[in-house]
Each structure stands twice: as structure tokens, then as C-alpha cells.
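Trainee: Below is a structure I'd like to ask you about.
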Amino acid sequence: MEMMLDGAQVLRLGRDLVVNVAQENHARGAEWLQRYLGHEYRVHRVWRMADNHIDSMVLALRPGVFLARHSGIRDLMPERLRSWRYVVPPEPDAGAFPVYDDYEDLVLTSPYIDLNVLSVDEHTVLVNQECTGLAKLLEAEGFDVVPVRHRHRRLFGGGFHCFTLDTHRTGGFEDYLS
């Protein structure tokens, strides 16, 4: 049996893992994760939220609050996570992306790559400095926004959450759903 699961298919929320299943490999990866991690973790599957990475669709900003690409994301999430608050940012500003005249066929990401932020803690979020609308929204939601330069994100196919694959932090083993 062959299986492949990209780490950015998984959203970790303490002991809960939300896995985006868009194809058979992802389903097998979710099964493997549950076997490998055992009963300390709960693996929740969401079906075809995206064709690949989940972290440009939905990210946890802090316990109880998600950043979501659109309001319909709530309906795709596991039942126990539908009561969280879903913050939906403005549409991306098309002028915020670099243009690659000679490399348009190499652009690996959608304009929504900048939803791929990184929550450093319950109050602080790293955001691409070009995304002023997103930064203003998060500030209005009470977050301290740290603008970071990330010019070539569309060419390299990743955002702040992808880069870190937030798998380990100091502190206890949290259970946000009990």
C-alpha cells in the first residue's frame, strides 16, 4: 500500500488533527496518522475542502477562532469545530502579488496564499506585509499583527504556516474540544 500525505494537509489543534482528504492518498495518510499517533490524538477528516493544503482555507488564530477563506468553511469542518468563531477576510488584492511574465506557468499558489498566516501565540499573528486588508481585519479582531515581507510566496508555493508546519510548541498537551 502506498500513501502520501503532505504535512500542510493537516491542521493541528492541540490533540485534534483536522486532515483535508481530497483523494485516496490523503485518506490513507489520515488512517496512518491515527494508527501512528494512537489514542492520545483524534484525527478528524474533512472532505475536499481544498485540492491540497488546508492552511490556505482555514487556520486557527487562537482557541475558538479560525481564519477562514469563506463563510461556507464552517459547514465543511467537523461538527465539534463549527461553534468556533470564523473570521473571513476581504478578497485578496490582485495588486499585492508580484508578476512573473516569464514564469506564469510556475506559479504554484492561488491568491489566497496570504491566508496562510502564523499565530505565534493567542494574541500575535505574522501576516504578509502586502496584505493590509487582512492585517486591518485581524487588528480589529484584537490581534497584534506583525507584518513580514514575503515577496515570492506564489512562486515558492508556501506561506508562513506551511514554512513552519506548526507541530511542536512549548506548553501542555491541550484539548480544545472537550
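Here, each number is a calculation from the coordinates, and none is a lab measurement. All of these numbers come straight from a predicted model, not from anything done at the bench. Backbone-built Cβ (ideal geometry, glycine too); neighbour counts: all protein chains shown.
Trainee: Which value, in Å to one decimal place, does the Kirkwood hydrodynamic radius take for the stretch 23-100 when every pair of different Cα atoms is included?
Mentor: 14.5 Å
Trainee: Further, regarding this structure: What are the ³J(HN,Hα) couplings of the stretch 64-76, residue after residue, when phi is run through the Karplus curve with 6.51, -1.76, 1.60 and θ = phi - 60°? Round to Hz, x for glycine and proline.
Mentor: So the J values, rounded to whole Hz, are x, 9, 10, 9, 10, 4, 7, 5, x, 4, 3, 5, 8.
Trainee: Quick query: amide H of Val127 versus all other amide H atoms, modeled in the peptide plane; which residues come in under 5 Å with a sequence gap of 5 or more or a different chain?
Mentor: Val146, Val148
Trainee: Another one. Using 1/(1 + (r/R0)^6) with R0 = 22 angstrom and r between the beta carbons of Ala94 and Phe163, what's the FRET efficiency to the nearest 0.05?
Mentor: That gives a FRET efficiency of 0.40.
Trainee: Same structure again: With an 8 Å cut-off on Cα pairs and a minimum separation of 6 or more residues, tell me the relative contact order of the stretch 19-79 in percent.
Mentor: 32 percent
Trainee: Please list the non-local residues whose amide H lies under 5 Å from the amide H of Gly14, H modeled 1.01 Å from N, same-chain partners needing a gap of 5 or more.
Mentor: The answer is none.
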